[in-house]
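**Student:** Okay, handing you the structure first.
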Amino acid sequence: MATKQDKISFKKDAFGKNASKLPEFENHKQQTQKNTTCYMCACRCGIKVTLENNKIRYIQGEPTHPVNKGVLCAKGNAGIMKQISPARLRQPMMRKPGAERGTSEFVPISWDEALDMLTERLQKIRETDPKKLAFFTGRDQMQALTGLWAQQFGTINWAAHGGFCSVNMAAAGLYTTGFSFWEFGDPDWDKTKYFMLWGVAEDHASNPMKMGINKLKERGGKFVAINPVRTGYQAVADEWVPIKPGTDAMLALSLVHVLLKNELFDWEFLVRYTNAHYLVVDTPRKKGDGLFLRNNEGVPQSWDLEKECLVNATDPKIKPALLGKYKAADGTPLKTVFTIMTERYLSDEYTPENASKICGVSAEQIEKIALELAHVAFKESIEVETEWTDWTGRKHDKFIGRPVSMHAMRGISAHSNGFQACRAIHFLQVLLGSVDCPGGHLAKPPYPKHVAPPIKPGKKVVPGQPLESFPLGFPTEPEDLAIDDEGNPLRIDKAYSWEAPIANHGLMHMAITNAVAGDPYEIDTMIFFMANMAWNSTMNTTKMRENLCAKNEDGEYKIPFLVVCDAFDSETVGYADLVIPDTTYLERYDTISILDRPISEPHAVCDSIRAPILEPDRDVRPWQTVLVELASRLKFPAFTSDNGERKFKDYKDFIINYEKSPGVGFLAGWRGENGENSLKGKPNPKQWEKYIENKCFFEYKLADNHKYFRGANKDYLEFAKKSGFNASSEPIIIELYSEKLQKFKLAGMGLYDGPQPKKERDQFRLSRFFDPIPEYYIPLEHRCTFSKAFPFYAITQRPMFMYHSWDSQNAWLRQLQAHNYMHMNKDKGEELGIKDLSWVWVESNTGKIKVQVKLMEGCQSDTLWTWNAIGKQKGKWGLSDDANESTKGFLMNHLINEHLPCADTGSPVTNSDPITGQAAWYDLKVNVYPAADDEQFGVYPNFEAAKNLPGRPETKDVLRYNTKKPVRLSRSLIDILTKGGFEK
Amino acid sequence: MHPAFSVIFFTVTSGAGYGLISLLSLLNFLNLGMLLDKNTFFITAGVAIALFTMGLISSTFHLANPKNAWRAFMRFRTSWLAREGLLAIIFYPLIILYLFLIYIDFQIDQYFFMQAYSFFIFLVSIIIIHCTGMIYACLKTIPQWNTFWTPINYITIGIFLGSLILFFIFYLNGVDVDPYKYYLLSAIVLSFFTKMSYYFSIKKHTHNIRQATNAAIKLKSTNVRLLDVGHTGGTFLTDEFGYKVAEKKLLRVKLFSIFFGFLAPFALIYTHIFLFESIIICFIAICFAFLGMVAERWLFFAQAKHVVNLYHGAQNV
Amino acid sequence: MRLGLVVDLDKCVGCNACAIACKQWNTSGTSGSLTDYRPYGADPSGVFFNRIRHYETGNYPDSKTVHFPMSCMHCEEAACVTVCPTGASYKREEDGIVLVDPEKCMGCNYCAWACPYGARELDREEGIMKKCTLCVDRIYDENLPKEERKPACVMTCPTTARYFGDFDDPNSDVSIASSKRDGQELFPELGYKPVNQYLSPRKKVEIKQHEISEPDLVRKVKDWVNKVVEL
Ligand SMILES: Nc1nc2c(c(=O)[nH]1)N[C@H]1C(S)=C(S)[C@@H](COP(=O)(O)OP(=O)(O)OC[C@H]3O[C@@H](n4cnc5c(=O)[nH]c(N)nc54)[C@H](O)[C@@H]3O)O[C@H]1N2
Ligand SMILES: Nc1nc2c(c(=O)[nH]1)N[C@H]1C(S)=C(S)[C@@H](COP(=O)(O)OP(=O)(O)OC[C@H]3O[C@@H](n4cnc5c(=O)[nH]c(N)nc54)[C@H](O)[C@@H]3O)O[C@H]1N2
Ligand code: SF4
Ligand code: SF4
Ligand code: SF4
Ligand code: SF4
Ligand code: SF4
Ligand SMILES: [Mo]
């Protein structure tokens, strides 16, 4: 916020005069203010809630909070309407005996009954075959707890929503630079001069992004937006690049082409911080090809230009060759990583001319952007005068910044070539040297981590025992996969199988399909927490709704028991056998932990909590409390004392006392018996109180010499180790060349000494897509969808003022958008005889939908798009049956298949990135044509109206929320009769 | 603009009422009062008062908070609506006193005083109609209303309707005044021509979206189009100002109003005077004229486009 | 004093935060409640003082999208005030804020007709005309911390696209922003002299391109020409 405004005050006399004329509007004495953390979305801003008469008078941004510094978005401002939503669940419920699953017929039960029922069932599973419990969580942010719970339960079948959300971004970063776009990095908004936004409509950094754009604009920096659609942020971009969906890797690598061609890259940066000078064995189609040349200790080798011999690539005293082909002592041909890069990226494939054909962006524009990037990076570089020491011990008197920054999200992530596309964007940054430098893309502690973080996915399921490690981790070679000796997947979602080897976040989008198909095996109980898997967070929604109700011959459901924990009456709740009603975000304790997805800022380690603002007025309990309760009942080792007693009274107690490793707990602030330690320290019984006192957040500001080049910054690396962020203080080397990927590639080619895929399909996928340096390839669905039959790309965007499916219950937000349109390019629409606001059929390989179309200019010609998750099932979310969300609103998801629509894959294979298993939502190809004259109203498909849940309150036609009788303004009669000075 | 029936009824009846009373006072001023016997005079005045009273009452029907209606004349200094209200209220004692004096055959200094009083009543009633017209004409936000033809239309139509009623009453009473026949026909013609001039003039008064936004958007490009109103369920503004009628329907109503409002009454009265005298024809002429004027008033609203529509997707208003 | 807002169309990303902040503040403020109709039914609608519309200009691919927030402009020639028959509508002499006295309003809509900017909305439940108060109940509330004595919409705007202040004070944020960027009033033709001003989308930021000589890396790769860099 502009601070200058703080200075305005009204002329003293005028002020006095006015004040006397105005009534006292607010009685502050009858108001109280409490802090907590917003959860109208996952940005997690600090909020200050003013209460009056036990109702929320006003929610405002907490000005001192590191994330939002006082501002709030539309959702955050609409918290009141979420708190009074008629869709809130009111008590635990069980599917009505005899009622079919999916009919939303429930009977209320008590908490005791619900917990007993669940404990008994889970106990049995845990003692026999823990993997028969599949536990998946949607938009939650307490994966540290749910993951711990699953690990303690002993099931490998746990994941959060990351697999269909942004694992491509997280993985690409963590396998390249050690941090990422998404939530582990941010542009240096305070210094950057050139900002490129790749495929972002809103992002997790909702408010920070907007605050950042303001800063950039105030500085006169340039903002380039790469996006097929010009709405939202792209509207204020200086340059809009309407790219064809799925082709960003080509664009990024073509920019790389121009930079390389003109020698516009940072030599020092490459040599010092990356593996560009490492020597790679160059023996095509032979075992060992593409692996680093290593000495006997396994240290990668490099060619020293002065000594003219092989040297340890990580030895600080070398002067390594960046370019060239060399030979090992035994004559094995070698080339440097950078040579491999130049060979590929300087080839004709990546010329702007060729890229232009693929991306639909002109060659001139590509060339121009590349040269602008280089200009800002190298001719407008900035310096921050601070003494710091690099990992070799060398002292520097300043940080040199290349003020070019980028951010990318789902426009990149949600494609099956997204991992490589994201890596390609990181490559651009690395070439320009704008990684974790002033003005560049900054890491947020506890990131960067070593590439890749040293955690392997848990595999071994033993009845009655916890898993040996977390279910999710970072495979670096085929040995790490979760497959059995036959090569079959161990996990229900087939994460870490040959189908998706580096599926760091699991494949939640496959869980239902696989469980129902009994492939790889059948499960007993499925728990969904905070995920709307019967609607907007699933692919192929119509089919998935059938799947949830699918039965065996014996009449038993294929997913025998479905538990849904939600706070609201979502579509998925309708399918539950047992409904666990959660509190709202204003009614519970939560932690936003650095063990999870932290809220840190680039230069501060931050975490935060939620503290209840209101008492629940319903029979609901926080899910975290329920998890701790279940964990105690099931006697998980981490939750049970040595004497067999439960260790933690409740969630609060758990957070205070649980230590992941000595001194490291969920909360990093005010540790130590008296709260004297930060980051690490003994549990503090008054820790929650300390947080509440400090407006519910903790901020540890980094020392000036810790702020940049953290992967190679000695003092920072030591600090990170001491604080428990990283296991070692070794430098974090940026992996341009991923030997890890190459190992999988070799396995695919049958050249690996270790597990290798048996299916031809998997062999192909590994050898084709696991390229150690990024390349552009056509998204998988496009490879097998005839572009004649389905000529359009179809994508979605998030509206800034709605969070997925959550906000249609919000009386204020739904006024902004109660239904959505399918947007398309105006000229294109007219060419096809499609009229503005007419109804059209949109058809894919998977299904068809009937929707209303809106024509616009700011849309790439071959692209259709709509706002995500606006459509709703009739009767859900506390809405009436004639609500626009179900009569005119629609979901794109009906058209998207969870399997690739290709015939040549043998058995069905997931419609995901072949490397990470990231759901490929935006690979969708469709056709569009006008609906008949008698079809000109109403969406298709339509679902039967859901029954109202027991206890759902009657909603009135008129809503008048307020906390008090308003103090009115008034004008005196004299004034009315005599004044009139202003009329002329 | 959304045509509210209460407002249509108000403007038509009160216009006719004040038109009629203005004619009665004018007759007195011109010393022609004896054309009507006293009874008929009072009945006629009663009809006029009933007409504008009904109109005034109906005008309160569209108030969302009628309990404050009594405040409506407070801002007569600036508001035409208040002026209209205030004059309408003041008019009651004036007209009652006036009628009372006539009733008692008020004699003192009779000639000059009553002459002046009559003229005053005439003037005030015309001014009231003018105020009604100005309520609409003063709005710069509605180009179709913001023209001096608006109050002229209101006055000429008010007088025309009043004249028609008066003619009918003359006829019922067997009063046969030749000049009045010509006067009546010319009143019809006059109101017809002023109305046509209005229709002609509003074609010129338009604003476009560029005017409304361009100063702010200031981009080189030539066109500005609405992409999204930002509220899918409609708003007060779209309800209040978003009234849309098909051009065809407007044209039909226009023809209807011209036919029933002007042509038919003219033809009927002409027939009555020159060809075939009939009370029924006279009565039908009155009904047609009122019907036509209701249509004319409906059109007056339906055709009017508030500039706020420019922000809601209209390219011009 | 001439209090009002400046809205920067070059920064507004159309997020609606200001619109909802306004709704939130005012629903329990002096104009409260701001009624919502059919909140959970078909065509939900309600009283808002600040609405964001979205426009496009130009043609693909050179089209531009503009987000356009509009609330009361607190016009100097506020016809909404002059037409109001009851005197419920008024413009404060001391600061120019245009307000409605709800005790006096008769709900005739006339002022809304007179407003070219769609700034007035009738609350049908109460039968009262309502509008942006420039958060008069915040900006003069001496019990609020000084930095919070600002309109709710201005406080919340994440891109700082909204400024508040006194246009008569040349050193105020609004005056500075407006003079620096040539602030524009909306629809000047109508002569309402709106106080609020808009900053037009800026011209594209132009960045120099790096000068390039004959590209020679291809040759360097071939000849293994390296630059000596110490690790
Ligand atoms: N308000 C709000 N905020 C949210 C959410 C929400 O629902 N509402 N959801 C949260 C979640 S879970 C997530 S994952 C994040 C996601 O945040 P975003 O990454 O912003 O996600 P999307 O809205 O899907 O935006 C994707 C953008 O990429 C564009 N795009 C699509 N395909 C391509 C392509 O091939 N190339 C390029 N360059 N662009 C492309 C689309 O037009 C769209 O603008 O947002 C989070 N924040
Ligand atoms: N077509 C298309 N589909 C998509 C996407 C897309 O871009 N396009 N995006 C995908 C992405 S990235 C994501 S992350 C998913 C998101 O999909 P989901 O994670 O399923 O997100 P939501 O739809 O918001 O639903 C989560 C559930 O959380 C519930 N909830 C809200 N607050 C609480 C609470 O406090 N406690 C509990 N227990 N429950 C609560 C809501 O009621 C809702 O039922 O959607 C995916 N689906
Ligand atoms: S961005 Fe908005 S919804 Fe998300 S946490 Fe912040 S204020 Fe809340
Ligand atoms: S809050 Fe700011 S950026 Fe968002 S719509 Fe309002 S003015 Fe625009
Ligand atoms: S914007 Fe409209 S309501 Fe506000 S002062 Fe101007 S005319 Fe009146
Ligand atoms: S609606 Fe109220 S404020 Fe508006 S003109 Fe009528 S009386 Fe005045
Ligand atoms: S100044 Fe206050 S009342 Fe006016 S638009 Fe902003 S928040 Fe709403
Ligand atoms: Mo997501």
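The values are calculated or read from the model by the stated rules, or taken from the named source; none is laboratory data. Since the model is a prediction, treat every value here as computed from it, not as a measurement. Quick reminder, even Gly has a Cβ in these numbers, built from the backbone with ideal geometry, and neighbours come from all protein chains shown. We work out accessible area using only protein heavy atoms, side chains counted, and drop any ligands, DNA or RNA first. Shrake-Rupley method; radii C 1.70, N 1.55, O 1.52, S 1.80 Å.
**Student:** Given the options A:N927, A:N942, name the one that is crowded, with 16+ Cβ neighbours inside 10 Å and farther than 30 Å from A:T32 by Cα.
**Tutor:** A:N927
Table: residues versus (1) closer than 30 Å to A:N705 by Cβ; (2) out of contact with any Cys (no Cβ under 9 Å at 6 or more places or on another chain).
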{"site": "A:T339", "(1), (2)": "no, yes"}
{"site": "A:D348", "(1), (2)": "no, yes"}
{"site": "A:E353", "(1), (2)": "no, yes"}
{"site": "A:K368", "(1), (2)": "no, yes"}
{"site": "A:V376", "(1), (2)": "yes, yes"}
{"site": "A:F399", "(1), (2)": "yes, no"}
{"site": "A:I412", "(1), (2)": "no, no"}
{"site": "A:S434", "(1), (2)": "yes, yes"}
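**Student:** Which condition number in (1) under 29 Å from the mean Cα position of the chain (by Cα); (2) over 21 Å from A:P446 (Cβ atoms); (3) of a type in the set (S, T, N, Q) is the one that A:S661 fails?
**Tutor:** (2)
**Student:** Select from the stretch A:806-826 the residues that are in contact with a helix residue (DSSP H, G or I) (Cβ under 9 Å, 6 or more places away or on another chain) and either open to solvent by 20 Å² or more (accessible area, probe 1.4 Å) or of a type in the set (G, A, S) (or both) and list them in ascending order.
**Tutor:** Within the stretch A:806-826, A:W806, A:S808, A:A811, A:A818 meet the criteria.
**Student:** Could you list, in sequence order, all residues of the stretch A:603-660 that are touching a Gly at 6+ places or on another chain (Cβ under 9 Å), open to solvent by 50 Å² or more (accessible area, probe 1.4 Å) and either part of a loop (DSSP other than H, G, I, E, B) or assigned by TED's automatic domain parsing to the domain that holds A:C437 (or both)?
**Tutor:** Passing the criteria: A:K635, A:E659, A:K660.
**Student:** Is at least one residue of the stretch B:76-87 within 13 Å of another protein chain (Cβ to nearest Cβ) and over 21 Å from B:L139 (Cβ atoms)?
**Tutor:** Scanning the stretch B:76-87 turns up no residue that is within 13 Å of another protein chain (Cβ to nearest Cβ) and over 21 Å from B:L139 (Cβ atoms).
**Student:** Looking at the stretch B:130-155 only, could you name the residues that are open to solvent by 20 Å² or more (accessible area, probe 1.4 Å) and either hydroxyl-bearing (S, T, Y) or under 21 Å from B:I188 (Cα atoms) (or both)?
**Tutor:** Scanning the stretch B:130-155 gives B:H130, B:F148, B:W149, B:I152, B:I155.
**Student:** How many residues are open to solvent by 10 Å² or more (accessible area, probe 1.4 Å), without any contact (Cβ under 8 Å) to a residue 24 or more places away in the chain and in contact with a strand residue (DSSP E or B) (Cβ under 8 Å, 6 or more places away or on another chain) if we restrict to the stretch B:190-221?
**Tutor:** Qualifying residue count, the stretch B:190-221: 6.
**Student:** Out of (1) open to solvent by 60 Å² or more (accessible area, probe 1.4 Å); (2) outside any helix (DSSP H, G or I); (3) closer than 30 Å to A:H65 by Cβ, the odd one out for C:E147 is which?
**Tutor:** (2)
**Student:** Suppose we filter the stretch A:232-247 for residues that are open to solvent by 10 Å² or more (accessible area, probe 1.4 Å) and either over 20 Å from C:V13 (Cα atoms) or without any contact (Cβ under 8 Å) to a residue 40 or more places away in the chain (or both); how many remain?
**Tutor:** Adding up the residues that qualify gives 2.
**Student:** Being modelled with pLDDT of 95 or more, assigned by TED's automatic domain parsing to the domain that holds A:G401 and surrounded by fewer than 21 Cβ atoms within 10 Å (Cβ to Cβ) is true for just one of A:L255, A:L291. Which residue is that?
**Tutor:** Matching residue, one of A:L255, A:L291: A:L291.
**Student:** Determine which single condition C:V98 fails, assuming it passes every other condition in (1) within 16 Å of ligand 6 (Cβ to nearest atom); (2) more than 11 Å from chain B (Cβ to nearest Cβ); (3) within 23 Å of B:W80 (Cβ to Cβ); (4) open to solvent by 10 Å² or more (accessible area, probe 1.4 Å).
**Tutor:** C:V98 satisfies all of (1) within 16 Å of ligand 6 (Cβ to nearest atom); (2) more than 11 Å from chain B (Cβ to nearest Cβ); (3) within 23 Å of B:W80 (Cβ to Cβ); (4) open to solvent by 10 Å² or more (accessible area, probe 1.4 Å) except (4).
**Student:** Looking at B:F160, is it out of contact with any Phe, Trp or Tyr (no Cβ under 8 Å at 6 or more places or on another chain) and either surrounded by 21 or more Cβ atoms within 10 Å (Cβ to Cβ) or small (G, A, S) (or both)?
**Tutor:** yes
**Student:** Go through (1) aromatic (F, W, Y); (2) in contact with a His (Cβ under 8 Å, 6 or more places away or on another chain); (3) not in a loop (DSSP other than H, G, I, E, B) for B:F262 and report which single condition fails.
**Tutor:** The single condition B:F262 does not satisfy is (2).
**Student:** List every residue pair whose Cβ atoms sit under 8 Å apart, with the two residues 6 or more apart in sequence or on different chains, where the first one lies in the stretch B:239-250 and is within 14 Å of another protein chain (Cβ to nearest Cβ) and the second, anywhere, is assigned to a helix (DSSP H, G or I) and polar (S, T, N, Q).
**Tutor:** B:F241/B:N309; B:G242/B:N309
**Student:** All but one of (1) in contact (Cβ under 8 Å) with a residue 60 or more places away in the chain; (2) within 14 Å of another protein chain (Cβ to nearest Cβ) hold for B:I43; which doesn't?
**Tutor:** Failed condition: (2).
**Student:** I'm trying to understand the selection: among the residues of the stretch C:178-199, which are touching a residue at least 40 places away in the same chain (Cβ under 8 Å), within 28 Å of A:A74 (Cβ to Cβ) and open to solvent by 10 Å² or more (accessible area, probe 1.4 Å)?
**Tutor:** Across the stretch C:178-199, the qualifying residues are C:S178, C:R181, C:G183, C:E185, C:Q197.
**Student:** Now a separate question. Could you say whether any residue in the stretch A:228-236 is charged (D, E, K, R), facing chain C (nearest Cβ under 9 Å) and not in a loop (DSSP other than H, G, I, E, B)?
**Tutor:** no
**Student:** If you check B:A82 against the conditions, is it surrounded by fewer than 20 Cβ atoms within 10 Å (Cβ to Cβ), aliphatic (A, V, I, L, M) and closer than 30 Å to C:K104 by Cα?
**Tutor:** Taking the combined requirement at face value, the residue does not satisfy it.
**Student:** May I pose another question? Starting from residues that are buried (at least 24 other Cβ atoms within 10 Å of the Cβ) and part of a helix (DSSP H, G or I), keep the ones in the stretch A:780-805 and report whichever is nearest to ligand 2 (Cβ to nearest atom).
**Tutor:** A:E781
**Student:** Right, something else. Do you know which residues across the stretch A:189-212 are more than 15 Å from ligand 2 (Cβ to nearest atom) and open to solvent by less than 10 Å² (accessible area, probe 1.4 Å)?
**Tutor:** Hits for the stretch A:189-212 are A:T192, A:Y194, A:F195, A:M196, A:L197, A:W198, A:N207, A:M209, A:K210, A:G212.
**Student:** A further question on this structure: Considering each of A:V256, A:V271 in turn, give the residue that is among the aliphatic types (A, V, I, L, M) and in contact (Cβ under 8 Å) with a residue 60 or more places away in the chain.
**Tutor:** Selected residue: A:V256, the only one of A:V256, A:V271 that is among the aliphatic types (A, V, I, L, M) and in contact (Cβ under 8 Å) with a residue 60 or more places away in the chain.
**Student:** Continuing with the same structure: Could you say which residue among A:G246, A:G199, A:G163, A:G185 is more than 14 Å from chain C (Cβ to nearest Cβ), closer than 18 Å to A:C437 by Cα and touching a Gly at 6+ places or on another chain (Cβ under 9 Å)?
**Tutor:** One residue alone meets the criteria, A:G185.
**Student:** Is it true that A:S729 is assigned to a loop (DSSP other than H, G, I, E, B), modelled with pLDDT of 95 or more and surrounded by fewer than 20 Cβ atoms within 10 Å (Cβ to Cβ)?
**Tutor:** Yes.
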